[in-house]
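In what follows, a single structure is set out as structure tokens and then discussed.
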Amino acid sequence: MREDTGATSRKGLWRPELGSITVAILTSLYLLAITNQSFWSKGWLYLEGRPTTFASIAIGVACLYIALCVAVSVKYVMKPVFIVLILAAAAGAWFMDQFGVVIDIEMIRNAAETNSAEAGHLITPGFVLHMLIFGILPVVLLIWVKVRHRSFFRKVRSNLAVIVPALVIALVAGLSHARVYAAAVRSHHDWFETLNPFVPLVTAVQFAVGESGNINIVAAPLGEDARVSDGPVTGRKPRLMIVVAGETARADNFSLGGYERDTNPELAKKDIFYFPQTTSCGTATAVSLPCMFSVYTRAEYSHRKGLATQSLLGVLSHAGIDVEWWDNNTGDKGIARLLKVHSLINSGNPAYCSGGECQDQVLIDALDGWIGSVNRDTVLVLHQIGSHGPAYYQRYPEAFRRFVPDCRSADFSDCSREEIVNAYDNTIAYTDHILASVIDRLASQQDRLDVSMLYMSDHGESLGEFGLYLHGAPYMIAPPQQTHVPFVLWLGKDAKAAYSADCLKEETTKPQSHDNLFHSVLGMMRVETKVRDPALDIISACRLGATS
Ligand SMILES: [Zn+2]
């Protein structure tokens, strides 16, 4: 029996008739060809116009779209789903293609929180015309077409006959240039975020689900009992501790830890403590960074708990310590909420900055202009760009091209593994220089300030071991190169007199981790609070005459 014979004959209206698979394939090709201009043009740009790589991703993505659309080509489901996809894609295409925006969580958050007057400014005649042509017209055509559906079992068989080969082709196309895609996607997060309409729709759903759970989370105060044990600064020097939060530096390439290349020539000359067995909390910034500044250990930490609790910086400020976060990376991930956050990326200093990024010397210059004004107990966090890949070569200036030939591309397929490692090692040697510069600046103030520096990287990096590059592997299966991070402690002359060097040396022989950062910084700043766990404070344990 034909599903809609009655309706058709009653109205006497001629309607073209197409099979459900044909309609699904036509819809998927429409979405890809008409509403994905941004995706294709970014892909062409980011893959640097390599025709075969581009063709393979085009085939792979087309096969995925076809598989998805055929999978929902079921009577009563198909048309409503396709109508939503077409309208969402038309609207998404307008904003992405016209304004170059990426419809990410923040964008959707903005849209959700906007008022109707603001939203009204977006509904322009151009938008209405665009929606009529690319949204309403194809929807009318879709409704007009009479879709021929097969019986259930025949449909399952015929749909699978399309879906399975499509998925196999997509997989083969994806694997054939996996390394190029991985590098392109990593360095250009905005690329796949423009895959219309699926990524914007999935993001919107994630936002709705995530917000329903997280939107009302306010970081609960932590350590409100905190106080500095030797009181306000009277009769002693103010303490200044600089915590350098590193980026993508792996311990394996630190000569301080035994790497055969001299990547730490400057730190090696400083009187520092290096902890060679330190592990990270995560393998990506979004996890590691909030985790290392949180009261929770790696075993206890979750994104939600991190959002729901004040960080180390909150506890320090409860104790009356000045706290600042200077960012030369992608932000503080909520760690420094309500505190002073100073973004150096926007400083636009042409000596160190280009294309929206700055080399870390920008932090040292800012330090020079600031350090003389410090006259209270202060903790300053410097969030480095460090060894952020894959464009390692952009992290260091010409003078730090020590290991050559260095890979001068963000696309690893342009370089040999040796060139990639050379560029990476240059970033480590540059970080060595930055850390030594921080120490020099602190040392210059030690007649009036009690100074110290603690450096930890957020996570490591893969450089071709097991065929992997970059980072972000699930922690349970992550290679040690991604979780083994450098940890450096330097004490100024007052701090040095207050601690047993032998005891600290002993600590460097033990395994340490991001779990220790929160408690050790509190210990260094002499903060007493019930949230400090002395067992995780590796520094107070070595204070001369200390009880805990
Ligand atoms: Zn990171």
On the accessible surface of the stretch 175-258, probed at 1.4 Å with all protein chains in place, carbon and sulfur together account for a percent value of 61 percent
Largest-first ranking of His342, His303, His149 by accessible area, probe 1.4 Å, whole protein assembly kept, is His303, His342, His149
In nanometres, the difference between 0.36 nm per residue of separation and the alpha-carbon distance of Ser444 and Thr509 is 20.4 nm
Sorted by accessible surface (1.4 Å probe, heavy atoms of the protein chains only), largest first, Val531, Val243 come out as Val531, Val243
Pseudo-spin-label distance Ile123 to Asp190, built 7 Å along Cα→Cβ, given in nm, is 2.8 nm
Relative contact order of the stretch 311-382 (C-alpha contacts under 8 Å, at least 6 apart) in percent is 37 percent
Restricting to Cα pairs under 8 Å and 6 or more apart, the percent relative contact order of the chain works out to 18 percent
Between the residues Gly356, Ser28, Leu195, the Cα farthest towards the positive end of the dipole of the chain, that dipole coming from +1 and -1 charges on the beta-carbon of Lys, Arg, Asp and Glu, is from Ser28
Those chymotrypsin sites (Phe, Trp or Tyr not before Pro) from the stretch 218-324 that are DSSP loop and have at most 12 other Cβ neighbours within 10 Å turn out to be none
Among beta bridges assigned by DSSP with both residues in the stretch 305-409, the antiparallel ones amount in percent, to the nearest 5, to 15 percent
Here the relative contact order (percent) of the stretch 351-490, from C-alpha pairs under 8 Å and at least 6 apart, is 19 percent
One would report the antiparallel percent of DSSP beta bridges in the chain, rounded to the nearest 5, as 35 percent
Helix-only [θ] at 222 nm, the chain, -39500 (n - 2.57) per DSSP H run of 4+, per residue, nearest 500, equals -13500 deg cm²/dmol
With all protein chains present and a 1.4 Å probe, the order of Asp425, Asp322, Asp332 from largest accessible area down is Asp322, Asp332, Asp425
Mean projected area, convex hull of alpha-carbon positions in the chain, reported to one decimal in nm², is 30.2 nm²
Candidate cut points under chymotrypsin sites (Phe, Trp or Tyr not before Pro) in the stretch 331-439, DSSP loop plus at most 10 other Cβ atoms within 10 Å of their own Cβ, are none
Quick calc, the chain, dipole around Cα centre from Cβ unit charges on Lys, Arg (+) and Asp, Glu (-), nearest 20 debye, gives 2400 debye
The stretch 222-237 and the stretch 125-174 have their Cα centres apart by a whole-number Å value of 66 Å
Averaged per residue, the 1.4 Å probe accessible area of the stretch 330-419, protein heavy atoms only, in Å², is roughly 45 Å²
Length gained, Tyr76-Thr234, 0.36 nm per residue minus C-alpha separation, equals 49.1 nm
Taking placed amide H atoms and a strict 5 Å upper bound, the residues 5 or more places from Leu449 or on another chain that come that close are none
In the stretch 321-477 the accessible area split gives carbon plus sulfur, as whole percent at 1.4 Å, a share of 52 percent
Stretched fully, the stretch from Lys496 through Val156 gains (0.36 nm per residue minus C-alpha distance, one decimal, in nm) 115.0 nm
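The values are calculated or read from the model by the stated rules, or taken from the named source; none is laboratory data. In this text, all values refer to a predicted model and were calculated from it rather than measured experimentally. Virtual Cβ from ideal backbone geometry, glycine too; neighbours counted across all protein chains shown. For the accessible areas, the whole protein counts, side chains as well, though only heavy atoms, and no ligand, DNA or RNA atoms are used. Shrake-Rupley method; radii C 1.70, N 1.55, O 1.52, S 1.80 Å.
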